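Got a structure here, written out as C-alpha cells. Questions coming.
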Amino acid sequence: MNIRPELTNHQIGRSVPRLEGPEKVSGRASYVHNLKLPGMLYAKIFRSTVAHGRILSIDVSAARMMEGVEHVFTGEDVKTIVPNPYFGPAFHDQPVLAIDKVHFVGEPVAVVLARDPYVAAEAAQLITAEYEELPAVFDEVEAMHSKAVVHEELKPAGTFPDLKHLAGRKDTNIALDYHLRRGDPVAGFAQAVHVFEHEFRTQQVMHVPLEPMVTLAEPHHNTIIIHTASQSPSFVRIEIARLLGWPENRVQVKVPHLGGGFGAKLYIKLEALAACAALLAGAPVKVMLPMEEQFYTITKHASTFRIKSGVDHEGRLLARHCEVYWNGGAFADIGPRVTQKSGFTAPGPYDIDNVSIDSYALYTNRPPAGALRGFGIPQLVWAYESHTDIIAHELGIDPIEFRRRNILRDDRPQATGTPMTDAAVDAVLEKIAECMQWESGSRRKSDDPTKRFGRGMAIGFKASISPTTSVAVVNVAADGSVVLQLSTVDMGQGSDTAMAQIVAEILEVAAEDVRIVHPDTDVTPYDMATLGSRSTFHMGHAVRLAAEDAKRKLEELAHAMGFTDHAVWQPRDLFRRKYGMQAGNVIGVGTFIPEYRSPDPENGQSDKVTPFWMIGGTGVELEVDVETGHFRILRMINVADLGTPLNPRIVETQLSGASMMQLGFTMFEEMRLDAGQVTNASLADYKIPGIQDVPDAIENEIVAAHQSNGPFGAKGVGETATFGVSPAIANALFDAVGVRLTQLPLTPEAVFMAMRAKEGAASGV
Amino acid sequence: MRGFELVRPATLEEAIRLLDTDDPTVRPLSGGTAIMQMMKTGIFKPSRLVSLSSLAGDHSAITLDDKGFLSIGAMTTLAAVEHSQVVLQHAPLLPKVMKRLANVRVRNAATVGGALAHGDPHMDLPPVLAALDAEVIAQGPGGQRRIPVADLYAGYFETVLQRGEIIASVSVPPRNGCNSVYRKTTTRTADDWPALGVATSLGRGEGVLQHVRLFASAATERMTRLGSAEAHLRGNRPEAKLLEEAGRIAAQEVEVIDDAHGSAAYKVALVAVQVRRALHEALQQGSEQ
Ligand SMILES: Cc1cc2nc3c(=O)[nH]c(=O)nc-3n(C[C@H](O)[C@H](O)[C@H](O)COP(=O)(O)OP(=O)(O)OC[C@H]3O[C@@H](n4cnc5c(N)ncnc54)[C@H](O)[C@@H]3O)c2cc1C
C-alpha cells in the first residue's frame, strides 16, 4: 500500500512544514472572531468595580431603554435556566454572572446584548451597581490567615477525588493544601552542616494570546452549538451539558484555528455565559473580549516560595523543606492542580533523601489564576534554582559542580518516589556546561567600564499531568485518502502536523496528504484537553493506535478479498473489490490512558505519579550597565530532553518560543494592582517582548534521548524551555554585579536599586 | 447610541472654522493612533472629530528652502520622515529616532502634527525637535504664528495651542555644524514609550561649547529645558568632568515624577547618567566629522 513510495516510513523525524502554514500566512484561516451568523447578537459584559462586596442592587434600566439593545441579563436571569449556575474544573465556584456577591474587580455582573457591538458597549456603561464593600485580601501569604474570606464555603467539583474532603469547608481561603513527606526531614536537617533558607516571589502575569477569548453560542431546537476558541472542547461539552442538565449529545462544541492559547483558553471560560445568554435570548450570541478584558479572565499565579535546605560538608543536599503559596485569585479554576501536580516537583531535580513539601492553593480577591505554559513549574524553578545558586556560591563550589553532586541520575526516585526513568537531567546539565564552555571559563570582558559581563544557568523538570485520556479516529476513504479526527487543538504549536506525521508513518502516506478534522465534538472523539505538553504523548499514542487499527482492518480486508501479497494492493483496490465501486470507509480507533498510581494521601508517595518527565535548562550570558541597571542578553541557550523529536524544526520553535515567553515574564511583564484593580490592563502598559528584545543569540539544543514508553520515542515539549529562564538570568545578574534579586520581574530599576543598596552596605551608609 | 460626527474638511481654513469652538469634545484627527486609544479607554468621548486627512495632499510635503530650513508638513507620517532622503541629509537625527519610536504600524499612520500636539510627555519627537530649535507653524482663526517647539507645552497633555489652532507644519533650521543626539531610555520593552528622553544639540567654537541645547522628557510632567545644565556647559571646554557635572546639575534641576515606568528616585539617577552620555556622544560625533 504505497501511495507515495519515495516517502515510506520517513515521516517521523522529518521537519514537515506546518500543514496550516499557507492558510494562515495567506489570511484564509478562519477564527471564531470572523464568524457571523444571521440574527447574531453581540454581548458586552458589565464588570464589578469592587474587589469584594455584597451586591445590593443592579440597575440595568437605562441600558435596557437604549435604542438597539435587545436584552440585558444578570445572574438572576441566568438562574431561570440554570438553577445552580456555578462552574469550574476543580471547584464549582464561578457564577455565570455574579450572584449575591462579587469577588474581584472585573467579575462579570451583567451582560448587554445588541446587534451592534458598539451599542452593547455603550449600553453597558449605563449599568450601575451598588455594593456593600467587604474586606478584601490580595496577598497569598496573608490569605492563609486573613479575616477576609473570599468564598463562604468551598465547593469542590467532585471531578478530582483528592479534593472531595474539602466539600463544605468554611471560613478558609485555602482551596487545597497539599503535603508530601519523604524520609525524615527533621533528622536530615539535624545532620546538616549548613542550612540555607530563602524566600522567592513571582508576580501575576497574563497569557496575552493575540487572539483574545471569543465564543459564539448558537441555540437550535433542542441542541446548542458552541463555536469557541478553546483548548478543551471535550471539557466544554461536558461542563455545558452539566450546567444545562442536558445529555452531552445535545451540546456540540466546534473549535477552528486558535490564535494562541498558552493555557488561557482551557476548561471553561466564556462558554457558559455565551450559552446562557443565547438560550435566554433565543438567538446566537457572540461574546468576544477586547485585549483589555482578558486581564480579568485568567492569569498566571503569583507565588511565594519559602525554601530551606540542609547540606553536608561535601556539598550534598541532605534535606529540603518547601513551602509554596499560590495566589489563585477569586476562582480556583485549575489552581489546585497546579498546587499538587506541579507542587510535588518543588524540591527540584535533586536527589534528596529527606523532603517535605507544603503547597497551598489560595483564594484572594484578585483576577483568577489558572494554567499558563509551565503550569506552575517556572515559579518553582525560579525559586529552587536561585536557591541552588546561592548555596553553591556560599559554599564556594562552582554552581555546575554543585549540581553534579546532587542531581537525580539514572532511575533514582524523585520526591514522590516515582523513578526518574528516561529523564536526562545530567545530559541537560552537561550540554549547558559544554555550550557555555563553563569549565574553561572563557568569560567575555567588556572594554566599556560601565558594562559587566555575567553568566548563569538553571535546570528544571516537570511531570505530565496524569492520568488523562485521549481518543482518536482515523478514517480511510475508498480512494485510500486519510482523515484524522481528533480533539487536540492546534493553537500554533504544530500538533496537526505532528499527528499527521504519525498517521502517515503507519499508513505509509505523506504527512502532507493527511487531512485533519479540527475539534467538533459531534465528530471528533474525547480528549482531556490540549494542555501541559500532553498531546504528543497521549494523543500521539491514541493516533498511533487508531492508525494501527485502521491498518489492521485494511489488512484484514485485503485478506478477505483474497489479496495475499502485501505489495500488490492499494487501499482503493480493496474498497473497489468489496463494494464494486469507490465506496465505503475503514475506521480505526485508538484510546490511550497511561498507567498511574494515586499518591498516598498521607505522604504523597507513589511509584507511578507521571508517565514521563520533561527536563529543561537554560544558560544565559548577559551584560549589565552598572550605571542604569539595564541588561542585555547576549546569548540564551535552551537545552531540552524531549525524547526523540517527531518534527525537529517545530520542536525548535517550541523551545525558542517558550523561552521568549518566559523572558517576558522575567524581565517586563507584571499585572499591577491597586486595591484589586489592575492598573495596566492594556498592551500600552502591559508590555510583552517585541523583536528588539530578543537576545542577540538564542541557541536550542535537543539532547539525544528516547522516551521508551512514548510514541516513536517522543514526549511533550511545549513548556520545557520555560523552566530555566528566570533563574538563569537572575544567576547571571549575580555573577555580573553581585546582587541577588528574589522577586520577579527583574527590572532595570530593581537591579539598580540592589546595586545601590550593596554599595551603601559596603560603604556603611 | 450616542456616537460622534466625523467631518472631513477640504481646506485648512474650513478645518479651523470647524474647530473654532469652546467645546472640548471637538478635536482634530490626524493619524488617530493616540486619539483612538483615548476613545477606546473612555478617557475621551468626542462629539465631533475633524479629520485632517483631506489636507494630507497639501500638508505632507517635506521641503528645503534656500536658507537651509527644512519644512515638514503636519500630515507627514512618521514613516515618511523616517525614509526621507532630505530629512536624512539635513536632520539625520530624526530618522534615527524613528527606529525606536513605537513600531512600524504606528509610524505608518501617526503624523508629525499629532506627535507634537498630543502633549503626552512620553513622546520622543518633542525633545528632539526642541533640541534642533525647530518651530511649529500654527494656523488659527487669527492667522499664522510660529511657536518654538521648546515652548509648545503648558503641562501634562497640554499645549499652548489656542482655540481653533492647528499645527500646519514644523520648521527645522540648518544644523550650522551642531551635533545632536537623542537618548531614549525604556524600562520595560525596547519599543516602549520612553521612561526618559534626553535630547541635546552642541556646537563648538574656539575649543569651548558655544551652542548648547539640552532637554529632558518622559520622566517629567512635561518636556523640560535643562537650563542650569546648559548654562554650566556654555562657554566651557567640554572635558569629562564638565559633562559629569552637567549630568548632576540636570538631575538636580529637573522635576521627575513617579509613574509606571519607574520611581522618581530611579529616574533622577538615570537623568544624570543619560545627560552625561548624550553630551559625550554628541561630542564624539563632532570629532568624527
Ligand atoms: C502602540 C503605540 C506605541 C507608541 N510608542 C511611542 C513611542 O515609543 N514614542 C513616541 O513618541 N510615541 C509613541 N506612541 C505615540 C505616537 O507617537 C502618537 O500616537 C502619534 O504620534 C500621534 O499622532 P497621530 O497623527 O496618530 O495623532 P492623533 O491620534 O490623530 O491625534 C493626537 C492628538 O493631537 C491632536 N492633533 C492631531 N493633529 C493635529 C494637528 N495637526 N494640529 C493640532 N492638533 C492635532 C488630536 O486632536 C489629538 O488630540 C505610540 C503609540 C502607540 C499606539
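Hey, among B:Ala251, B:Ala272, B:Ala265, which residue is of a type in the set (A, V, I, L, M, F, W, C), more than 12 Å from chain A (Cβ to nearest Cβ) and surrounded by fewer than 23 Cβ atoms within 10 Å (Cβ to Cβ)?
Values: B:Ala272 fails: more than 12 Å from chain A (Cβ to nearest Cβ); B:Ala265 fails: more than 12 Å from chain A (Cβ to nearest Cβ).
After applying the criteria, what remains is B:Ala251.
If you don't mind, another one. Hey, among the residues in segment A:130-186 that are among the hydrophobic types (A, V, I, L, M, F, W, C) and closer than 30 Å to A:Leu317 by Cα, which one's farthest from the chain's Cα centre (by Cα)? Give the steps one after another, and end with the answer.
Residues of segment A:130-186 among the hydrophobic types (A, V, I, L, M, F, W, C): A:134, A:136-138, A:141, A:143-144, A:148-150, A:154, A:157, A:160, A:163, A:166-167, A:174-176, A:180, A:186.
Subset that is closer than 30 Å to A:Leu317 by Cα: A:141, A:144, A:176, A:180, A:186.
Working: A:Val141: 24, A:Met144: 25, A:Leu176: 19, A:Leu180: 23, A:Val186: 35 Å.
Residue satisfying both the conditions and the ranking: A:Val186.
Quick test for you: out of A:Ala148, A:Ala120, pick the one residue that is in contact (Cβ under 8 Å) with a residue 60 or more places away in the chain and either in a helix (DSSP H, G or I) or exposed (fewer than 15 other Cβ atoms within 10 Å of the Cβ) (or both). Give the steps one after another, and end with the answer.
On the way: A:Ala148 fails: either in a helix (DSSP H, G or I) or exposed (fewer than 15 other Cβ atoms within 10 Å of the Cβ) (or both).
So the residue among A:Ala148, A:Ala120 that is in contact (Cβ under 8 Å) with a residue 60 or more places away in the chain and either in a helix (DSSP H, G or I) or exposed (fewer than 15 other Cβ atoms within 10 Å of the Cβ) (or both) is A:Ala120.
Another question, if that's okay. Residue check, A:Arg64 against (1) open to solvent by less than 20 Å² (accessible area, probe 1.4 Å); (2) at pLDDT 95 or above; (3) assigned to a helix (DSSP H, G or I), all met but one. Which one?
That leaves (1) as the condition not met.
Still on this structure, please answer the following. Condition first: surrounded by 14 or more Cβ atoms within 10 Å (Cβ to Cβ) and in a helix (DSSP H, G or I). Now tell me which residues in segment B:232-248 satisfy that.
Across segment B:232-248, the qualifying residues are B:His232, B:Leu233, B:Leu242, B:Leu243, B:Glu244, B:Glu245, B:Ala246, B:Gly247, B:Arg248.
Based on this model, can you work out whether A:Glu749 counts as in contact with a strand residue (DSSP E or B) (Cβ under 7 Å, 6 or more places away or on another chain) and either assigned to a helix (DSSP H, G or I) or within 13 Å of chain B (Cβ to nearest Cβ) (or both)? First the steps, then the outcome.
On the way: in contact with a strand residue (DSSP E or B) (Cβ under 7 Å, 6 or more places away or on another chain): yes; either assigned to a helix (DSSP H, G or I) or within 13 Å of chain B (Cβ to nearest Cβ) (or both): yes.
Spelling it out, A:Glu749 is indeed in contact with a strand residue (DSSP E or B) (Cβ under 7 Å, 6 or more places away or on another chain) and either assigned to a helix (DSSP H, G or I) or within 13 Å of chain B (Cβ to nearest Cβ) (or both).
A follow-up question, please. Filter segment B:162-213 for residues that are outside any loop (DSSP other than H, G, I, E, B) and among the basic types (Lys, Arg); which is farthest from the other protein chains (Cβ to nearest Cβ)?
Taking segment B:162-213 and keeping what is outside any loop (DSSP other than H, G, I, E, B), we get B:166-172, B:179-185, B:196-205, B:208-213.
Now restrict to residues that are among the basic types (Lys, Arg): B:183-184, B:204, B:213.
Numbers: B:Arg183: 11, B:Lys184: 12, B:Arg204: 25, B:Arg213: 23 Å.
Going through the qualifying residues, I end up with B:Arg204.
Yes or no, residue by residue, for (1) part of a strand (DSSP E or B); (2) surrounded by fewer than 19 Cβ atoms within 10 Å (Cβ to Cβ):
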{"residue": "A:Leu19", "(1), (2)": "no, no"}
{"residue": "A:Lys24", "(1), (2)": "no, yes"}
{"residue": "A:Ser30", "(1), (2)": "no, yes"}
{"residue": "A:Val50", "(1), (2)": "no, no"}
{"residue": "A:Ser57", "(1), (2)": "yes, yes"}
{"residue": "A:Phe104", "(1), (2)": "no, no"}
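Residue by residue through segment B:188-210, note down the ones that are open to solvent by 10 Å² or more (accessible area, probe 1.4 Å) and over 20 Å from B:Glu230 (Cβ atoms).
Within segment B:188-210, B:Arg188, B:Ala190, B:Asp191, B:Trp193 qualify.
Now a separate question. Among (1) in contact with a Ser or Thr (Cβ under 8 Å, 6 or more places away or on another chain); (2) away from the ligand (no atom under 11 Å from the Cβ); (3) of a type outside the set (Ser, Thr, Tyr), where does B:Ile147 come up short?
Of the numbered conditions (1) in contact with a Ser or Thr (Cβ under 8 Å, 6 or more places away or on another chain); (2) away from the ligand (no atom under 11 Å from the Cβ); (3) of a type outside the set (Ser, Thr, Tyr), the odd one out for B:Ile147 is (1).
If a residue has to be surrounded by fewer than 19 Cβ atoms within 10 Å (Cβ to Cβ) and aromatic (Phe, Trp, Tyr) to count, how many in segment A:449-477 make the cut?
The total comes to 1.
Something else about it: Since B:Pro95 meets every condition but one in (1) within 26 Å of B:Val26 (Cβ to Cβ); (2) more than 11 Å from the ligand (Cβ to nearest atom); (3) touching a Leu at 6+ places or on another chain (Cβ under 7 Å), which condition does it not meet?
That leaves (1) as the condition not met.
Across segment A:386-402, what is the total count of residues that are more than 13 Å from A:His194 (Cβ to Cβ), assigned to a helix (DSSP H, G or I) and open to solvent by 20 Å² or more (accessible area, probe 1.4 Å)?
Count: 1.
Are any residues in segment A:199-218 of a type in the set (A, V, I, L, M), more than 24 Å from A:Gly39 (Cβ to Cβ), modelled with pLDDT of 95 or more and part of a loop (DSSP other than H, G, I, E, B), and if so, which ones?
The first filter runs over segment A:199-218 and keeps only residues of a type in the set (A, V, I, L, M), leaving A:205-206, A:208, A:210, A:213-214, A:216-217.
Filter again for more than 24 Å from A:Gly39 (Cβ to Cβ), leaving A:205-206, A:208, A:210.
Cutting the leftovers down to modelled with pLDDT of 95 or more gives us A:205-206, A:208.
A:Met206, A:Val208 - these are the residues of segment A:199-218 that are of a type in the set (A, V, I, L, M), more than 24 Å from A:Gly39 (Cβ to Cβ), modelled with pLDDT of 95 or more and part of a loop (DSSP other than H, G, I, E, B).
Given the condition open to solvent by 40 Å² or more (accessible area, probe 1.4 Å) and assigned to a loop (DSSP other than H, G, I, E, B), answer yes or no: does some residue in segment A:502-509 qualify?
Here is the first cut: in segment A:502-509, the residues open to solvent by 40 Å² or more (accessible area, probe 1.4 Å) are none.
No, segment A:502-509 has no match at all.
Tell me which residues, restricted to segment A:359-373, are part of a loop (DSSP other than H, G, I, E, B) and under 19 Å from A:Lys269 (Cβ atoms).
We begin by selecting, within segment A:359-373, every residue part of a loop (DSSP other than H, G, I, E, B); these are A:363-368, A:371-373.
Matches in segment A:359-373: A:Tyr363, A:Arg366, A:Pro367, A:Pro368, A:Ala371, A:Leu372, A:Arg373.
Limited to segment A:285-304, what total is found for residues that are within 20 Å of the chain's Cα centre (by Cα) and away from chain B (no Cβ under 14 Å)?
10
I want to confirm something. Restricting to segment B:64-86 and keeping residues that are within 16 Å of the ligand (Cβ to nearest atom) and of a type in the set (Val, Ile, Thr), which single residue is farthest from the other protein chains (Cβ to nearest Cβ)? First the steps, then the outcome.
Going residue by residue through segment B:64-86, those that are within 16 Å of the ligand (Cβ to nearest atom) are B:71-82.
This time we only want the ones that are of a type in the set (Val, Ile, Thr), so: B:72, B:76-77, B:81.
Details: B:Ile72: 26, B:Thr76: 24, B:Thr77: 20, B:Val81: 20 Å.
Looking at the filtered set, the residue picked out is B:Ile72.
Could you figure out which of (1) modelled with pLDDT of 95 or more; (2) assigned by TED's automatic domain parsing to the domain that holds B:Glu255 isn't true of B:Glu206?
(1)
Taking the condition of being crowded, with 18+ Cβ neighbours inside 10 Å and within 14 Å of another protein chain (Cβ to nearest Cβ), how many residues in segment B:91-106 meet it? Please lay out each step first, then the result.
Residues of segment B:91-106 crowded, with 18+ Cβ neighbours inside 10 Å: B:91, B:93-94, B:97-98, B:101-102.
Next, from what is left, pick out any that are within 14 Å of another protein chain (Cβ to nearest Cβ): B:98, B:101-102.
So the answer is 3.
Do we find a residue being open to solvent by 50 Å² or more (accessible area, probe 1.4 Å), more than 25 Å from B:Ala150 (Cα to Cα) and not charged (D, E, K, R) anywhere in segment B:58-79?
No; the residues of segment B:58-79 include none that is open to solvent by 50 Å² or more (accessible area, probe 1.4 Å), more than 25 Å from B:Ala150 (Cα to Cα) and not charged (D, E, K, R).
OK, next. Taking the options A:Glu627, A:Glu669, A:Glu621, name whichever one is in contact (Cβ under 8 Å) with a residue 60 or more places away in the chain, within 14 Å of chain B (Cβ to nearest Cβ) and in contact with a strand residue (DSSP E or B) (Cβ under 6 Å, 6 or more places away or on another chain).
Working: A:Glu627 fails: in contact with a strand residue (DSSP E or B) (Cβ under 6 Å, 6 or more places away or on another chain); A:Glu621 fails: within 14 Å of chain B (Cβ to nearest Cβ).
Checking each option against the conditions leaves just A:Glu669.
Are there any strands (runs of 3 or more DSSP E) wholly within segment B:1-55 with 2 or more residues that are near the ligand (Cβ under 10 Å from one of its atoms) and under 19 Å from B:Met123 (Cβ atoms), and if so which? Even if it seems obvious, please write down each step before you answer.
Working: elements: B:5-7, B:26-29, B:48-51.
So the answer is B:26-29.
Taking segment A:153-192 as the region of interest, how many residues are of a type in the set (A, V, I, L, M) and not in a loop (DSSP other than H, G, I, E, B)? First the steps, then the outcome.
Applying the first criterion (of a type in the set (A, V, I, L, M)) to segment A:153-192 yields A:154, A:157, A:163, A:166-167, A:174-176, A:180, A:186-187, A:190, A:192.
Right, trim to not in a loop (DSSP other than H, G, I, E, B) and you get A:163, A:166, A:174-176, A:180, A:186-187, A:190.
The number of residues fulfilling the criteria is 9.
Okay, moving on. Please determine, by comparing only the residues of segment B:108-136 that are more than 6 Å from the ligand (Cβ to nearest atom) and within 14 Å of chain A (Cβ to nearest Cβ), which one is farthest from B:Ala56 (Cα to Cα).
The residue in question is B:His122.
Test of understanding: among A:Val678, A:Val703, A:Val694, which residue is within 11 Å of chain B (Cβ to nearest Cβ) and of a type in the set (A, V, I, L, M, F, W, C)?
Going through A:Val678, A:Val703, A:Val694 in turn, just one is within 11 Å of chain B (Cβ to nearest Cβ) and of a type in the set (A, V, I, L, M, F, W, C): A:Val694.
The values are calculated or read from the model by the stated rules, or taken from the named source; none is laboratory data. Model, not experiment: these values are computed from the prediction. In this analysis, Cβ positions are derived from the backbone assuming ideal geometry, glycine residues included, and neighbour counts consider all displayed protein chains. Accessible surface areas use protein heavy atoms only, side chains included; no ligands, DNA or RNA. Shrake-Rupley method; radii C 1.70, N 1.55, O 1.52, S 1.80 Å.
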